[in-house]
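The values are calculated or read from the model by the stated rules, or taken from the named source; none is laboratory data. All of these numbers come straight from a predicted model, not from anything done at the bench. Here the Cβ positions follow ideal geometry from the backbone for every residue, glycine too, while neighbour counts run over all protein chains shown. Surface accessibility is based on the protein's heavy atoms, side chains included, excluding ligands, DNA and RNA. Shrake-Rupley method; radii C 1.70, N 1.55, O 1.52, S 1.80 Å.
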Amino acid sequence: MTGEPESGPLIEHLFRREAGRMVARLTRLLGPAHVGLAEDTVQEAMARALATWPYAGIPPNPGAWLFRVAHNLAIDAVRRHAVFGEKTSAIVADIERSADGRQENPDIEEELADDELRMIVMCCHPVLSRDARVALSLKVVGGFGVREIARAFMVEEATIAQRLVRAKRQLRNRQIKLEMPSGAALVERLDSVLEVVYLIFNEGYAAASGVDLVRLDLCGEALRLGCLIAGSSIATPTVHALVSLMALQAARLPARVDTLGDLIPLEEQDRDRWDRALIALGFDHFDRSMAGMTVSEFHVQAAIAATYARAIDSGVIDWAMILQCYDELQALNPSPVVALNRAVAVAKVHGASAALPIVDALENEQALHEYYLLLAVRGQLLLDLGRQTEAADAFRDALLCVSTEPERRFLSRKLTACAMAQ
Amino acid sequence: MAQFMLLLYQTPNPPARSPEEMQRSLEKYMAWMKKPFTVDGKRLAGDAGKVIRPAAGQPRTTDGPFSESKEVLGGYYLIEAANYDEAVARTLDHPHLEAGGTVEVRQLWS
């Protein structure tokens, strides 16, 4: 057959990755008010690929193919739309220059990274709600679909769609520019970006059961965005702390669930399955986070993750160090969830009898109301103290609060352990 | 071995899919195309094409087939199979069906 199709597979997530870059590039060329047009154009370019490649084969440089076609479609769209008025020919010339640049321009990767950076910074504009920042970042920069975002965050598709429409309208109405803020505005914006990136990561990490790949993809995308920012001129030690934290936590993902999808406690994980490349990345950024005097929550959390990660070689977890970190974290952020995590470290260092009063004191915290982990930790401490009947009560209460099957199985096993201990 | 033509029809405005979904679909098409019984495959150009009809004097040429059906012919594959049963069986897992398209199977005269 003529035009023998390429035998090599496409790079994983190529479409998603290229979508983010192309939307960022075209939005800069068309103006931020036309981010929707940029998205439609990119969508159409990918549809063209889908209509062509299955017959003609994958072109030698699929990314460049999509880039070129998206630019051509954008030129058509600009000529067709009356809205660009007298600016039409200037915009068309800009798009043409950008289209030609992909092949010959040695700095193209850096320029595209800059486009993406400006885009994520715009998506995290304080005029938008936090939910809108997250959804918009995933859609526009991450190349995620509405359905994927909805599934990852367990909300209705229509809710996400509406949130995106409203966010884009706000950007348009407030004439938000696609530019890098400076000074105090940059500091504030960077905080917002890091918060969004960490929210995305946590959403994937908190419930990544190994079954739903979309959630794992969230961790990957958050890490990618973190590295993008860490590799740019706006990077700060706190950015490196966040990347370190995410990399060290993500390194444990492959070992975190068993074949049933059940969570394996950290100490029982097969450390050979921890991702050594991610651990190395995490420690690299951990070192870089030490420049300067800032100690953010990300720093302390990264220090905790680093302490766990060191067990990959030593085989033992330095709980005294972890407790020290939690003391520090509690000083920075006296939240009930931090206090609960600290109680676990207290139990490891000083024993269950020292930790139980801390956990009991948290029971009336509104934030932990019907929080199964509080009850599960309490149950475990009681079990360790030989108070099986009370432990079983706690695990039974915890069972009433859980939503996922793995959590249910975990607690059922604990209940069996209580019965066996009696 | 007999040859069969698979005519791939698609709806003109398929529902929007995410980049990841599109890539996965594309990968399935590519994998299918590498099956040992596939002989050829071509995409038709995206336009409506021309239709030439006999008329008194000179044949009349018009744009497009103006099919009643909403589906348009997007491309074709040529495959080998012993008979219709095998040709159909080999086509049942074609990703085009999963993507919402229709496949018409026609045996070539030999």
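Things to note:
- FRET efficiency estimate (nearest 0.05) - Cβ-Cβ, B:ASP40 to B:ASP93, R0 22 angstrom: 0.70
- If the chain linking A:SER89 and A:LEU260 were pulled fully straight, counting 0.36 nm for each residue of separation and taking away their Cα-Cα distance, it would gain 55.7 nm.
- Of all segments of chain B bounded by chymotrypsin sites (Phe, Trp or Tyr not before Pro) found in a DSSP loop with no more than 12 other C-beta atoms within 10 Å, the longest spans B:1-65.
- Nearest-ten-degree value, helix A:183-207 long axis tilted from longest Cα axis of chain A: 60
- Compactness ratio for the stretch A:5-68: Cα radius of gyration over 2.2 N^0.38 Å (N = residue count) comes to 1.17.
- Amide H contacts under 5 Å for A:ILE58, placed H, 5+ residues apart: A:GLU6
- J(HN,Hα) series, the stretch A:64-78, from Karplus relation 6.51 cos²θ - 1.76 cosθ + 1.60, nearest Hz, glycine and proline x: 5, 4, 4, 4, 5, 5, 4, 5, 4, 5, 5, 4, 4, 5, 5
- Residue (of A:ALA355, A:ALA306, A:VAL377) at the positive-pole extreme of the stretch A:252-380, dipole from beta-carbon charges: A:ALA306
- For the pair A and B, the buried accessible area comes to roughly 2300 Å² in total, with a 1.4 Å probe and the value rounded to the nearest 100.
- Value of relative contact order over chain A, rounded to a whole percent, pairs C-alpha under 8 Å and six or more apart: 9
- For chain A, the number of Lys pairs separated by eight or more positions or lying on different chains, with C-alpha atoms closer than 25 Å, is 6.
- Dipole of chain A, positive direction: furthest Cα of A:VAL346, A:HIS34, A:VAL196, with charges on the beta-carbon: A:HIS34
- Karplus-derived 3J(HN,Hα), 6.51/-1.76/1.60, for each residue of the stretch A:311-319, Hz, glycine and proline x: 5, 4, 9, 6, x, 10, 8, 7, 5
- Quick note on chain A: its Rg to Rh ratio, both from C-alpha atoms and Rh being the Kirkwood radius, is 1.03.
- Complex-versus-alone comparison for the stretch A:32-72, residues with a loss of 50 Å² or more in accessible area, probe 1.4 Å: A:GLN43, A:LEU50, A:PRO54, A:TYR55
- Rounded tilt (10° steps) of A:237-251 against the dominant C-alpha axis of chain A: 70
- Peptide B:4-10 has a mean shielding of 1, counted as Cβ atoms of other protein chains within 10 Å of each residue's Cβ.
- Axis of helix A:388-399 versus longest Cα principal axis of chain A: the two differ by about 20°, to the nearest ten degrees.
- Computed from the alpha carbon positions, the gyration tensor of the stretch A:260-342 leads to an equivalent ellipsoid with semi-axes of 23, 18, 11 Å, biggest first.
- Placing a label point 7 Å from the Cα of A:ILE312 along the Cα-to-Cβ direction, the residues of the stretch A:232-258 whose backbone N falls under 18 Å of that point are A:241-257.
- To put it simply, the accessible area of the stretch A:298-396 at a 1.4 Å probe is 50 percent carbon and sulfur.
- Amide proton proximity set for B:GLN107, modelled H, under 5 Å, gap of 5+: B:MET5
- Added length on full extension, which subtracts the Cα-Cα distance from 0.36 nm per residue, A:ASP287 to A:TRP319: 9.4 nm
- With Cα atoms as the point set, the radius of gyration and Dmax of the stretch A:105-217 evaluate to 14.7, 43 Å.
- Which of B:ILE79, A:ILE358, A:ILE11 is most accessible, then next, and so on - probe 1.4 Å: A:ILE11, A:ILE358, B:ILE79
- 10 Å Cβ neighbours from other chains, averaged over peptide B:74-83: 1
- For the segment A:143-153, counting C-beta atoms of other chains within 10 Å of every residue's C-beta and taking the mean gives 2.
- Ellipsoid equivalent to the stretch A:319-415 - semi-axes via the Cα gyration tensor, in Å: 22, 16, 12
- Nearest-20 debye value, the protein assembly as shown charge dipole, Cβ charges on Lys, Arg, Asp, Glu: 1280
- Summarising the label geometry, the points placed 7 Å from Cα in the beta-carbon direction at A:ASP393 and B:ASP85 lie 7.0 nm from one another.
- The count of lysine pairs in the stretch B:1-76 whose Cα atoms are under 27 Å apart, excluding pairs fewer than 8 places apart on the same chain, comes to 6.
- Working ranking of peptides A:53-60, A:291-298 by packing, defined as the average number of other Cβ atoms within 10 Å per residue, highest first, is A:53-60, A:291-298.
- With 0.36 nm allotted per residue and the present C-alpha distance subtracted, the A:GLU405-A:SER129 stretch has 96.2 nm of extension available.
- Over chain A: helical MRE at 222 nm, DSSP H runs n ≥ 4 each giving -39500 (n - 2.57), nearest 500: -23000 deg cm²/dmol
- Placing unit charges on the Cβ atoms only, positive for Lys and Arg and negative for Asp and Glu, gives the stretch A:1-125 a dipole magnitude near 380 debye about its Cα centre.
- Protection proxy ranking, highest mean first, for peptides A:335-344, B:93-102: A:335-344, B:93-102, where packing is the per-residue count of other beta-carbon atoms within 10 Å, averaged.
- For chain B: relative contact order, % (alpha-carbon pairs under 8 angstrom, 6 or more apart): 52
- Amide H contacts for A:ASN333 (H built 1.01 Å from N in the peptide plane; partners 5 or more residues away or on another chain; cut-off under 5 Å): none found.
- Peptides A:274-282, A:78-86 ranked from most to least packed give A:274-282, A:78-86, packing being the mean of other C-beta atoms within 10 angstrom over each peptide's residues.
- 3J(HN,Hα) couplings calculated from phi for the stretch B:51-64 with the Karplus curve 6.51 cos²θ - 1.76 cosθ + 1.60 (θ = phi - 60°) are, in sequence order, 10, 10, 10, x, 8, 4, x, 10, x, 9, 10, 10, 7, x Hz; Gly and Pro show x.
- B:ARG53/B:THR11 FRET efficiency (R0 25 Å; Cβ-Cβ; nearest 0.05): 0.40
- For the stretch A:140-282, relative contact order (Cα pairs under 8 Å, six or more residues apart, normalised by length) works out to 17 percent.
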